[in-house]
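Colleague: Structure provided below as structure tokens; questions to follow.
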Amino acid sequence: MINVVHTVKETRDQVNEWKAHGLSVGFVPTMGYLHEGHQSLIKKAVEENDKVVVSIFVNPMQFGPTEDFESYPRDLQADARLCEETGADLIFNPEAEEMYTDGFCSFVDMSGPTKELCGKSRPIHFRGVCTVVSKLFNIVTPDRAYFGQKDAQQLSVIRRMVRDLNIPVEIVGCPIVREKDGLAKSSRNTYLNEEERKAALILSKTIFMGQELVNNGMTDAKALINAMKENILTEPLAKIDYVEVVDFDDISIKDTIEGNTLVAMAVYIGKTRLIDNFIVTDKQLDTANKHGL
Ligand code: PAF
């Protein structure tokens with residue numbers, strides 16, 4: 001059985017022992033209830049490192065007071081099975097008291113890239129993410145850490161944090177994993193009832209539509225956003241939180257699709273808030289231009 005530890009000390013002791021033998025360490029931070037999206041991160045970590053640590057911690061600090069911290073799905077046994085099958089070596093599963101000891105009052109806060117998109121509708125979210133991820137980096141001291149592109153703003157924020165704070169870890173971004181019908185995998189998909197699950201397809205359909213518009217030469221951000229919003233609103237159960245076009249490096253709003261661009265959306269389906277996105281690279285735009293579009 002995979003080793004599951006609950007304390008900072010046990011995690012450090014194990015990682016130090018590996019490092020003393022010259023082994024490299026990959027790290028996949030998660031909030032558990034693991035699915036194929038997480039599994040793809042663990043697989044990549046296993047391919048690229050001698051040892052892999054997965055953290056499973058539903059971090060209270062990144063949830064707002066009216067958000068789903070209490071109801072967030074949890075299943076440590078199933079998670080442990082998936083980690084073991086995928087080749088991970090250690091699970092760090094702390095209690096909140098282990099991470100936030102009495103009197104805890106130090107935070108990692110970021111301006112700039114946390115202001116738009118999810119940062120707007122979830123004002124304390126990224127302070128919680130940056131604080132817990134920097135703590136986890138200090139505990140696990142990995143060589144590489146793996147984050148999914150599904151949380152594209154988070155990926156960009158973590159890259160910035162690591163650069164700004166000189167944290168010696170390589171951040172590896174991994175592609176979005178989708179259900180067969182297109183819906184991006186998310187632990188929150190379990191909140192959807194049958195009708196909502198069908199309705200949720202409007203997110204991926206709109207992402208694919210947006211991608212096609214860009215591939216066909218659309219460069220005006222407003223036109224793209226309007227077309228995507230119009231499409232989302234054809235689904236009666238959908239309520240738009242945001243559809244935005246931003247620079248993928250600093251998450252600033254863009255008027256024109258050029259350079260590394262992130263097209264991101266958050267949409268409520270019933271009470272469930274889902275996110276999805278696509279990234280446009282210079283290379284893609286070059287191809288569209290070469291085709292005379
Ligand atoms: O992406 C997540 O699951 C969380 O935000 C993370 C990175 C594990 C921090 O709690």
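Colleague: Please work out the average accessible area per residue across the stretch 1-137, using the 1.4 Å probe convention, and give it in Å².
Modeller: Accessible area per residue: 48 Å².
Colleague: Just read off the accessible area of LEU155 with the full protein assembly in place, 1.4 Å probe, to the nearest 10 Å².
Modeller: My reading of the accessible area for LEU155 is about 10 Å².
Colleague: For the stretch 40-146, compute the orientation-averaged projected area of the C-alpha convex hull (one quarter of its surface), in nm².
Modeller: Averaged projected area of the stretch 40-146's Cα convex hull equals 7.9 nm².
Colleague: Kirkwood Rh over alpha-carbon pairs of the stretch 57-103, then Stokes-Einstein at 20 °C and 1.002 mPa s: what D in µm² s⁻¹, rounded to an integer?
Modeller: 170
Colleague: Now a separate question. Lys and Arg at +1, Asp and Glu at -1: add these up for the other residues within a Cβ distance under 12 Å of LEU224 and post the number.
Modeller: Surrounding charge for LEU224 is -2.
Colleague: Please report, in whole Å, how far the alpha carbons of the stretch 1-98 spread along each principal axis, starting with the longest.
Modeller: Computed over the Cα atoms, the extents are 46, 29, 22 Å.
Colleague: Follow-up question, since we're still on this one. Given the C-alpha centroids of the stretch 165-196 and the stretch 72-116, what is the distance between them in whole angstrom?
Modeller: One Cα centre to the other: 16 Å.
Colleague: How charged is the neighbourhood of VAL169? Take every other residue with its Cβ under 10 Å from the Cβ of VAL169, and add Lys/Arg as +1 and Asp/Glu as -1.
Modeller: Overall, the nearby charge balance is -1.
Colleague: What does DSSP give for the chain in terms of the percent of beta bridges that are antiparallel, rounded to the nearest 5?
Modeller: In the chain, DSSP labels about 50 percent of beta bridges as antiparallel.
Colleague: Can you spot the lysines whose alpha carbon is less than 16 Å from LYS222's alpha carbon? Ignore those fewer than 8 places along the same chain.
Modeller: By straight Cα distance, LYS222 reaches LYS254.
Colleague: What accessible area per residue comes out for the stretch 182-293, rounded to a whole number of Å², with a 1.4 Å probe?
Modeller: Spelled out: the 1.4 Å probe surface of the stretch 182-293, per residue, equals 49 Å².
Colleague: Quick check on the stretch 1-53: take the gyration tensor over C-alpha atoms, sort the square-rooted eigenvalues as a ≥ b ≥ c, and tell me if it's rounded (a/c under 1.5), prolate or oblate.
Modeller: Taking the square roots of the gyration eigenvalues as a ≥ b ≥ c, the stretch 1-53 is oblate.
Colleague: For the chain, what % of the accessible area comes from carbon and sulfur atoms, probe 1.4 Å?
Modeller: Answer for the chain: carbon and sulfur cover 48 percent of the accessible area.
Colleague: Let me ask something additional. Let me know the longest stretch in the chain that avoids all chymotrypsin sites (Phe, Trp or Tyr not before Pro) found in a DSSP loop with at most 16 other C-beta atoms within 10 Å.
Modeller: Of all site-free stretches, the longest is 108-293.
Colleague: Over the chain, with a single point scatterer placed on each C-alpha, what log10 of the ratio I(q)/I(0) does the Debye formula yield at q = 0.06, 0.14, 0.17 1/Å?
Modeller: So the normalised log intensities work out to -0.20, -1.08, -1.49.
Colleague: Okay, moving on. Tell me the label-point distance for the pair LYS229, TYR268, using the 7 Å Cα-to-Cβ offset, in nm and rounded to one decimal.
Modeller: In this crude spin-label approximation the distance works out to 1.7 nm.
Colleague: I need the trypsin sites (Lys or Arg not before Pro) found in the stretch 181-279, filtered to DSSP loop residues with at most 13 other beta carbons within 10 Å of theirs.
Modeller: LYS271
Colleague: Okay, moving on. Roughly how many debye, to the nearest 20, is the charge dipole of the stretch 154-293 about its Cα centre, given +1 on each Lys and Arg Cβ, -1 on each Asp and Glu Cβ, and no other charges?
Modeller: My answer is approximately 360 debye.
The values are calculated or read from the model by the stated rules, or taken from the named source; none is laboratory data. Quick caveat, the model's predicted, so the values are computed rather than measured. Every residue, glycine among them, receives a Cβ derived from its backbone with ideal geometry; neighbour counts consider all protein chains shown. For accessibility, only protein heavy atoms count, side chains too; no ligands or nucleic acids. Shrake-Rupley method; radii C 1.70, N 1.55, O 1.52, S 1.80 Å.
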